[in-house]
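I have placed the structure first, in the form of structure tokens, so that the comments after it can refer back to it.
Read the figures in this text as sums done on the coordinates, not as results from a lab. Worth saying up front: this structure is predicted, and the values here are computed from it rather than measured. Neighbour counts run over all protein chains shown; Cβ positions are idealised from the backbone, glycine included.
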Amino acid sequence: MRTSWKWAVPALVVSVGFAIGLGAGPVDAQQKNTLVATKVAAAPALDGSMDDAWKKAVPMTVKAVGGKNLPGGSTEVTLRALYTADTVYFFMQYKDPTESFRRGPWVKQGDGSWQKLKDPNDKGSDNNLYYEDKAALIWNISSPAFEQKGCMSACHTGEGKPYGNKYTKEAGERLDMWHVKSVRTAASVGQVDDQYVDHTRYDKDKAPGAGRKSDPKTGGGYANNETDDKKGPKWAHKGNKPAPPYWILDAEKELFDGSKYKAGDEVPGIIVAPFAGDRGDISAKIAWKDGAWTLVLGRKLSTGSEFDVQFSDLKKEYPFGMAVFDNAQVRHAYTPGVLRLKFE
């Protein structure tokens, strides 16, 4: 099995993957929905290894249910937390039998044309065949309902979408969503896509994304790799080499030359570049090995952004939820109820 690591400036750590080992911890702490962050003098290992600092962190294990493609629709997620004077670290682990990086690539056909791989059952924003593995943490910023109901307070089924829409109850209420997209951000440029949720209601024409929005950025991001007529790729890897990897770094892209490929070769369907600004303030490092994901994320305790949760009061508890996507665009496994982060 291939193990690949990508890393950005460490500030918060989330490690997903039983490949590293869970370690021991009090059984009663694992059965509760409260994650206890332990203070350390210096940053723990950020390479996914279980060093002495991480061994001191009490693991919290919860079950994520209702997801597409996962065996039985579920998986167990184990999370640890540590923090220093200015940074919080998470170590998160879960099983996933497949590494899914093949997100909508272009494939050369026998007649020389190019076809973009698509899920034939996708009726709109519901790709469960040629997508990417993802994970998400969602934190409360200012929603009283989230304090009591967690993610379910912002999830609204129906409204023309397979898993509904996200929005808060009242104007002015926000949630902070950390979206770990393996191909578009985490494995490729070492970041989490920092997003948020507000009260905007779904409107097919005016607000198709409802309350889900992205933090401001001053540069970077991702875009589809396609020509103006959308009949083939516009850009290629250096030397016009075929995939993998299934992303092309914007700083290294070359103009696509179809003559360099044989039938069956694939070209990535996405161009990526690191976010600059608010949207890129969570770093990420991820690896898949032996049927499990390991994610290492990083962020400062306080960012000063109105779109971020601020861990500025270490005496309070912070409610959150988690989700796991196994090669699914929206049909994620989720953790029922309210999870809470507590600093000790």
- Item | Kirkwood Rh and Cα Rg combined as Rg/Rh, segment 154-292 | 1.05
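Given only helices, namely DSSP H runs of n ≥ 4 each adding -39500 (n - 2.57), what is the per-residue ellipticity at 222 nm of the chain, to the nearest 500 deg cm²/dmol?
Numbers: 3 runs with 16 residues, N = 344.
Only helices count here, giving -1000 deg cm²/dmol.
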- Extend 7 Å from the Cα of T227 along its Cα-to-C-beta direction; within segment 245-269, residues with backbone N under 12 Å of that point are 256-259
- Note on the structure: So, over other residues within a Cβ distance under 12 Å of Q109, counting Lys, Arg +1 and Asp, Glu -1, the net charge is +1
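I want the local charge near Y83. Using Cβ-Cβ distances under 10 Å, sum +1 for each Lys or Arg and -1 for each Asp or Glu among the other residues. Walk me through the numbers before you get to the answer.
Details: positive: K39; negative: D86, E344.
In short, -1.
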- Item | Inter-label distance for S74 and K217, nm, one decimal - labels placed 7 Å from Cα along Cα-to-Cβ | 3.6
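I'd like to compare 190-199, 237-246, 96-105: which one has the highest average count of other Cβ atoms within 10 Å, and what's the full order after that? Numbers along the way, then the final one.
Values: 190-199: 23.9, 237-246: 15.6, 96-105: 20.0.
For the peptides 190-199, 237-246, 96-105, the packing ranking is 190-199, 96-105, 237-246.
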- Message: So, R0 is 41 Å and r is the distance between the beta-carbons of A42 and E147; what FRET efficiency does that work out to, to 0.05?
- Response: 0.80
- Note on the structure: Note, G72: beta-carbon cut-off 13 Å, +1 each Lys/Arg, -1 each Asp/Glu, net 0
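Give the percent of DSSP beta bridges with both residues in the chain that are antiparallel, rounded to the nearest 5.
Details: 72 of 81 bridges.
That works out to approximately 90 percent antiparallel.
Note the full-extension length gain between S302 and Q115 as 0.36 nm times their separation in residues minus their Cα-Cα distance, in nm to one decimal. Working shown, then result.
Working: separation 187, 0.36 × 187 = 67.32 nm, distance 4.53 nm.
The span from S302 to Q115 would gain 62.8 nm if fully extended.
Using r as the Cβ-Cβ distance of K238 and A263, and R0 as 35 Å, what FRET efficiency do you calculate, to the nearest 0.05? Walk me through the intermediate numbers first.
On the way: r = 22 Å, r/R0 = 0.63.
Efficiency computed from Cβ-Cβ geometry: 0.95.
Between E170 and D52, what length comes free when the chain is fully extended (0.36 nm per residue of separation minus the Cα-Cα distance, one decimal in nm)?
Stretched fully, the E170-D52 segment lengthens by 38.0 nm.
For a footprinting-style exposure proxy, rank T75, T157 by other Cβ within 10 Å, fewest first. Can you show the working numbers first?
On the way: T75 23, T157 9.
So the ranking, lowest neighbour count to highest, is T157, T75.
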